[in-house]
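The values are calculated or read from the model by the stated rules, or taken from the named source; none is laboratory data. The shown structure was predicted, so the numbers you read here are calculated from the model rather than taken from an experiment. Cβ placement follows ideal geometry from the backbone for every residue including glycine, while neighbour counts extend to all protein chains displayed.
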Amino acid sequence: MLATAIIVFREVLEAALVIAVVLGASRGIAGRGWWILGGILLGALSAAVVALFAGAIAEAFSGTGQALLNAAILLIAVVMLAWHNIWMSSHGRKLAGEIKAVGAAVQAGNKTLAALLVVCFAAVMREGSEVVLFLWAIAASGGHEFGMSIGGFAGLIAGILVGALLYRSLLFIPIRYFFSVTGWLILLLTAGLAAQAAGFLNQTGLLPALGNSLWNTSHILSQNSILGQLLHILVGYIARPSGIELVFYAGTLVTIYGLMRLMKHKHRPPPVRPGLPTQADISTTNP
Amino acid sequence: MSLRLSSLTLLVGLSASTLAFAATPTLELIIQNQQFTTRELSLPADTKIKLVVHNQDSLPAEFESYDLSREVVVPGHSSVTVYIGPLSPGRYNFFNDFNHAAQGWVVAEPVAHPGN
């Protein structure tokens, strides 16, 4: 039962943390709740379908079908997150200003919400299909239905709670710095997902490893540990990275950051409106 | 820019792996009763290996390794392919993520003769 809870927790955690960051990054955009919920529900539905066809997917492309699917899903999420961050680099300041001024949701950014829906969809589908397969594996072994249900449910709740905790913590950041912080979070998250995609493409034999175990920090921070796991999901921490993972990580980071800087300079923000009180502490009253 | 870069890398990788295809040695790993029948998988260092994981159970398993950045679900009664390496000499842990009692090691040996 505990083993079930832990395994489900780890799978759910990955999706929950991605959704928490996405929720933070879309703060103040009207209708984001529906878009993100839509992404989660579509992801859950697709997870069941993927689990159902797991056998066919696994054996496709000479037994590399699943890794190819994972790589494709991850790369789609990478493009969507990149697009969001580049969009925010020209709209974020305005968004923060309006949230500060009206304290309410802003009617803008449907395009970025669509991108974020895809990100939530991808995260839930990838992790969800594994949860479904794993629970099915236990259920099929017989005699563990009760413990499995309790364990699975506990793991699910615990994962969601940690995601909620991350989101609540993000809200403590003053609104002035808020979108800078979520921008950096998304940037590192995206680079980590790109590195994961590189790992999958190398696993299929399509990309060279360019050196395995460039370094090994397992003895300092094991990827098995909770902190190692959290950092793996959030910033792409890999204890023994391969060269191709490093290339994808750095390449994604530099490319998105460069485009963000470019867009920021193209769309110079309007000067701060006069007469607006400097409410540095507004974030504490603004949910 | 990143897309163009990565598709270029993909092309280079494709041709490299096609060339290496015929020469890639293959190893087999069997999952039976939710356990790996081989706990230590010896392979030559500095060589790319094709590892075929067979799951003989009716239950799905997940071959996973943090050390190798590998992760793949192996549904019941099916086989999947995982490419590994070229590895520097050393020990690399792998496990069944659906049953952590099942642990194993890939041992990359400096002497260039394949075990198993």
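Quick one: is A:Phe172 of a type outside the set (D, E, K, R), at pLDDT 90 or above, surrounded by 18 or more Cβ atoms within 10 Å (Cβ to Cβ) and farther than 26 Å from A:Leu75 by Cβ?
no
Per-residue answers, yes or no, for (1) in a helix (DSSP H, G or I); (2) at positive phi; (3) surrounded by fewer than 19 Cβ atoms within 10 Å (Cβ to Cβ); (4) of a type in the set (Phe, Trp, Tyr):
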| position | (1), (2), (3), (4) |
| --- | --- |
| A:Phe9 | yes, no, no, yes |
| A:Ala15 | yes, no, no, no |
| A:Val21 | yes, no, no, no |
| A:Gly24 | yes, no, no, no |
| A:Leu42 | yes, no, yes, no |
| A:Val49 | yes, no, yes, no |
| A:Glu59 | yes, no, yes, no |
| A:Leu68 | yes, no, yes, no |
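Can we say B:Ser69 is without any contact (Cβ under 8 Å) to a residue 12 or more places away in the chain and in contact with a Gly (Cβ under 6 Å, 6 or more places away or on another chain)?
yes
For region A:216-234, what are the residues that are within 11 Å of chain B (Cβ to nearest Cβ) and either in a loop (DSSP other than H, G, I, E, B) or free of Cβ contacts under 8 Å to residues at least 24 places away in the same chain (or both)? Can you show your working first?
Going through region A:216-234, the residues within 11 Å of chain B (Cβ to nearest Cβ) turn out to be A:216, A:218, A:222-225, A:228-229, A:232.
The answer is A:Asn216, A:Ser218, A:Ser222, A:Gln223, A:Asn224, A:Ser225, A:Gly228.
Of everything in region A:175-220, what is on the phi > 0 side of the Ramachandran plot and surrounded by fewer than 24 Cβ atoms within 10 Å (Cβ to Cβ)? Give them in sequence order.
Matches in region A:175-220: A:Leu210, A:Gly211, A:Ser213.
Please name all residue pairs, on different chains or six or more residues apart, with Cβ atoms under 7 Å, provided the first residue is in region A:235-259 and is free of Cβ contacts under 8 Å to residues at least 40 places away in the same chain and the second residue is of a type in the set (A, V, I, L, M) and assigned to a helix (DSSP H, G or I).
No pair meets every condition.
Give region B:36-74 a look and list any residue that's within 17 Å of A:Arg240 (Cα to Cα) and of a type outside the set (A, V, I, L, M), or say none.
B:Asp46, B:Glu64, B:Ser65, B:Tyr66, B:Asp67, B:Ser69, B:Arg70, B:Glu71
Run down B:Asn55, B:Asn93 and say which single residue is within 11 Å of chain A (Cβ to nearest Cβ) and surrounded by 23 or more Cβ atoms within 10 Å (Cβ to Cβ).
B:Asn55
Tell me, please, whether a residue that is within 16 Å of the chain's Cα centre (by Cα) and either farther than 19 Å from A:Ile233 by Cα or not hydroxyl-bearing (Ser, Thr, Tyr) (or both) can be found in region A:90-102.
Narrowing region A:90-102 to residues within 16 Å of the chain's Cα centre (by Cα): none.
Checked against the condition, which is being within 16 Å of the chain's Cα centre (by Cα) and either farther than 19 Å from A:Ile233 by Cα or not hydroxyl-bearing (Ser, Thr, Tyr) (or both), region A:90-102 yields no hits at all.
Say we look at region A:182-211 and pick out the residues that are touching a residue at least 40 places away in the same chain (Cβ under 8 Å) and more than 14 Å from every other protein chain (Cβ to nearest Cβ); which of these is farthest from A:Val22 (Cα to Cα)?
A:Leu188
When you go through (1) in a strand (DSSP E or B); (2) more than 8 Å from chain A (Cβ to nearest Cβ) one by one for B:Thr47, which number turns out not to apply?
Here B:Thr47 clears every test but (1).
Give the residue that is nearest to the other protein chains (Cβ to nearest Cβ), with candidates limited to residues of region A:60-99 that are in contact with a strand residue (DSSP E or B) (Cβ under 7 Å, 6 or more places away or on another chain) and free of Cβ contacts under 8 Å to residues at least 12 places away in the same chain. Before you say what the answer is, go through the steps one by one.
Going residue by residue through region A:60-99, those that are in contact with a strand residue (DSSP E or B) (Cβ under 7 Å, 6 or more places away or on another chain) are A:62-64, A:66-67, A:95, A:98-99.
Right, trim to free of Cβ contacts under 8 Å to residues at least 12 places away in the same chain and you get A:62-63.
Working: A:Ser62: 6, A:Gly63: 3 Å.
So the residue we want is A:Gly63.
Which residue out of A:Ile29, A:Ile57, A:Ile36 is within 17 Å of the chain's Cα centre (by Cα) and either more than 14 Å from chain B (Cβ to nearest Cβ) or of a type outside the set (Ser, Thr, Tyr) (or both)?
Exactly one of A:Ile29, A:Ile57, A:Ile36 is within 17 Å of the chain's Cα centre (by Cα) and either more than 14 Å from chain B (Cβ to nearest Cβ) or of a type outside the set (Ser, Thr, Tyr) (or both), namely A:Ile36.
Do you know which residues across region B:69-90 are closer than 20 Å to A:Leu206 by Cβ and either more than 7 Å from chain A (Cβ to nearest Cβ) or in a strand (DSSP E or B) (or both)?
B:Arg70, B:Glu71, B:Val72, B:Val73, B:Val74, B:Ser79, B:Val80, B:Thr81, B:Val82, B:Tyr83, B:Ile84
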